[in-house]
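Everything below concerns the one structure shown next.
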Amino acid sequence: MLMVVKNQIRCTLLALKYGIMKEMLNRTSFISNVLFMILNNASMLIQWLVLYSLKDNIGGYSFKEVMLLWGLAASTYGVSRAFFASAFKLSDTINKGKLDAFLVQPKSVLLNAITTHVSSSAFGDIIFGFAMVFFYGFSLRVFLLFFLFTVTGGLILVSIAIILGSLAFFLENSEIISDNGNNLMVHFATYPDGIFKGVTKILLFTLVPVGLANYLPIQAIIEFNITKIVFVLLVTSFIVFLANLVFKIGLKKYASTNLMSARV
Amino acid sequence: MNVIEVKNLSKTFKVKIKEKGLKGSLKSIFKQKYKTIDAVKDISFEVEKGEIIAFIGPNGAGKSTTIKMLTGILYADEGSIEVLKINPTKERKRLAYEIGTVFGQKEQLWMHLTPYDNFKFFSAIYDIPEQVAEKRIEKLKILFELNDFIDTPVRNLSLGQRIRCEIVASLIHEPKVLFLDEPTIGLDPVVKENIRTLIKRMNKELKTTIFLTSHDVGDIEKLCKRVIIINHGRIVLDDSMENLKYHYLNKKIIEVKMKEKVNLDDEEGITILKDKGYNLKIEVDTQYKNVADVIKLLDPDKIIDINISNIPLENIISAIYKNEDK
């Protein structure tokens, strides 16, 4: 069992290495993608700076706390897209019969299918996210917690993408649902949760679990709340398990196609 | 010893149907209609170790669906499959270590990597230790003559070179059974011939059982000793190539150059394919007339030149497809 896990990790790391190598084929494009993404994220600082010049507290967050939230949103987005970019194209992979190549290999179909592409600009998001830790006020505890929640948040985003992508096993043209769902996860992540009330707030901790990927972790970092830390870890494990289960059930309905395709 | 055993295998697909035009599209929003397509209907067959078997049929006959069920890509609705005594549905990963697959229409290689890097990646997929992988790559490099382009990114290779690399990638773990789904699609005749030679050599040297689907009669004729024809999801013929060629349709083609014109109209068992005065091309149905009788009919003294050949395999296969369609 241990050997199986070790070999799977070896393959996944190799796939990621080759994905990064592909992105680095054009050095100028790679570097500019990373830099422009950092700049793009940084430009939002101005918007918040203007808002906080008018008000000290927005939705229970100070300026520095909002920046930390923005940083976590960027780094979770970055981790999910940098290493698992193909999870966000899963419905296309299923619809075009591209799972065939992974099904004839003795490894995890899901893991292989979601690690075939790497997004270079997402590295800019990760760098920006960690820079916000320094902006907030660096301490080893904050840094380690931020790192932990970057991983859990990234896993939640990928898991949601897998669940939405797996709809392609059951529905036609599910790409639109998948894209909208993934976009919702990003759009809500950058606003302080205090501004949301009632049903919206419930939705943000259930159907669109931005709260579990971003809001709760930020509260856990700020308050250093062990209960919240453990809760985030448990919920992340559950969502990852659920994503695996949905994909596994869907795979039984996989119909493949005879469309010509290449692994590019 | 059988390496593949298929019993009463069936697979259906549910396909959405829509009426024509915008009206049909609007209707389908409120009421969706589906029809069931029987892709594979109750087929059974066995393949012995070391065989090169052709699994052929017209488009949509059920070839790829069958291959996909044999390799664990698709689940069967009914029936049982055993490949090397392994159930592909229940033990997909275990089976994957024992089989190799090449889909001519779907590339498995990473386009930006060199064939060598791809082979290293596939070695990792199959848990092959570094040193063993190096030795196998070296051996396959020689067998498939990859030396000139093993360090060139796959995207810069010609189609023929790429297919050779696809086959090597599928052989890196030394599979016992190799599934080739239209491996020579889109290749020029020289490259096709090259690939066929390599497949034959691989079968001889590595004792690999080969399950081949192809629309190219040359692939079938030159590689396979046994052929299974599938049409409309059912097996319509499972026979040796010998029998298929010489007994199934019992037809011969005779091309003659005559000293003077002959009239073969209304002769039973003879079909005139071409009549250019002194040059004649006829098809003889040996069930009604044997070749010797035809030569007598032509008058041997008046024959300048004669060529007797078997009916092309392509025509035999087409005739089987057409008969089934009727």
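Key figures for this structure:
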quantity: Choice from B:232, B:173, B:112 showing the highest fluctuation, given a GNM over chain B with Cα pairs closer than 10 Å; calculated: B:112
quantity: Distance in nm between pseudo-label sites at residue B:85 and residue B:20 (7 Å out along the Cβ direction from Cα); calculated: 5.8
quantity: The range B:240-326: radius of gyration over Cα atoms, expressed as a fraction of 2.2 N^0.38 Å; calculated: 1.16
quantity: Hydrodynamic radius by Kirkwood, which averages 1/r over all alpha carbon pairs of the range B:286-326, in angstrom; calculated: 12.7
quantity: Exposed trypsin sites (Lys or Arg not before Pro) absent: longest stretch of chain A, with sites in DSSP loops and at most 11 other Cβ within 10 Å deemed exposed; calculated: A:56-196
quantity: Stokes-Einstein D in µm²/s, Kirkwood radius over Cα pairs - the range B:122-169 at 37 °C with 0.692 mPa s viscosity; calculated: 290
quantity: Chain A: angle of helix A:121-136 to the longest principal axis, Cα-based, in degrees nearest 10; calculated: 30
quantity: Formal net charge of residues neighbouring residue B:287 (Cβ-Cβ distance under 15 Å; K, R +1; D, E -1); calculated: -2
quantity: Most fluctuating residue given options A:149, A:30, A:88, as computed from a GNM of chain A linking Cα atoms under 10 Å; calculated: A:30
quantity: Histogram of C-alpha separations across chain A, 10 Å bin width, %; calculated: 7, 28, 35, 22, 8, 1
quantity: Listed pairs B:63/B:120; B:11/B:93; B:49/B:204; B:49/B:252; B:259/B:296 exceeding 24 Å between Cα atoms; calculated: B:63/B:120; B:49/B:252
quantity: Sequence-distant residues sharing a close amide H with residue B:236 (under 5 Å, placed H); calculated: B:229, B:230, B:231
quantity: Cα gyration tensor category, rounded, prolate or oblate, for the range B:1-126 with a/c compared to 1.5; calculated: oblate
quantity: Protein accessible area in the range B:138-247, 1.4 Å probe - carbon and sulfur %; calculated: 49
quantity: Kirkwood-Stokes translational diffusion coefficient of the range B:66-203, alpha-carbon pairs, 25 °C, 0.890 mPa s, µm²/s; calculated: 157
quantity: Å² per residue, accessible surface of chain B at 1.4 Å; calculated: 50
quantity: Heavy-atom accessible surface that A and B bury in contact, both chains counted, 1.4 Å, Å² to 100; calculated: 3300
quantity: Rounded if a/c under 1.5, otherwise prolate or oblate - the range B:104-145, Cα gyration tensor axes; calculated: oblate
quantity: Coil-residue trypsin sites (Lys or Arg not before Pro) of the range B:247-316, DSSP, other Cβ within 10 Å capped at 10; calculated: B:261
quantity: Loop trypsin sites (Lys or Arg not before Pro), the range B:168-208, which have at most 13 other Cβ atoms in a 10 Å radius of their Cβ (DSSP); calculated: B:207
quantity: Cα-based reach from residue A:98 at 18 Å (exclusive), listing aspartates and glutamates while leaving out same-chain residues under 8 positions away; calculated: A:172, A:175, B:107, B:166, B:181, B:182
quantity: Overall form of the protein assembly as shown per C-alpha gyration tensor (a/c, 1.5; a/b vs b/c); calculated: prolate
quantity: Mean Kyte hydropathy of 1.0 or more with a Cα span along the axis of at least 30 Å, helices from DSSP in chain B; calculated: none
quantity: Entries of A:252/B:31; A:96/B:16; B:141/B:207 with Cα pairs more than 23 Å apart; calculated: A:252/B:31
quantity: Mean residue ellipticity (222 nm) of chain B, computed from DSSP H runs ≥ 4 via -39,500 (n - 2.57), nearest 500; calculated: -10500 deg cm²/dmol
quantity: Over 22 Å between alpha carbons, listed pairs A:201/A:228; A:253/B:106; B:245/B:276; calculated: B:245/B:276
quantity: Principal axis dimensions, largest first and in whole angstrom, of chain B by Cα; calculated: 73, 59, 44
quantity: Accessible area (Å², per residue) of the range A:187-239, counting only protein heavy atoms and a probe of 1.4 Å; calculated: 49
quantity: Neighbour-limited loop hits for chymotrypsin sites (Phe, Trp or Tyr not before Pro), the range B:241-326 (at most 12 other Cβ within 10 Å; DSSP other than H, G, I, E, B); calculated: B:288
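The values are calculated or read from the model by the stated rules, or taken from the named source; none is laboratory data. Remember, predicted model here, so these are calculated numbers, not experimental data. Reconstructed Cβ throughout: ideal geometry from the backbone, glycine too, with neighbour counts over all protein chains shown. What goes into the accessible areas is simple: the full protein's heavy atoms, side chains included, and nothing from ligands, DNA or RNA. Shrake-Rupley method; radii C 1.70, N 1.55, O 1.52, S 1.80 Å.
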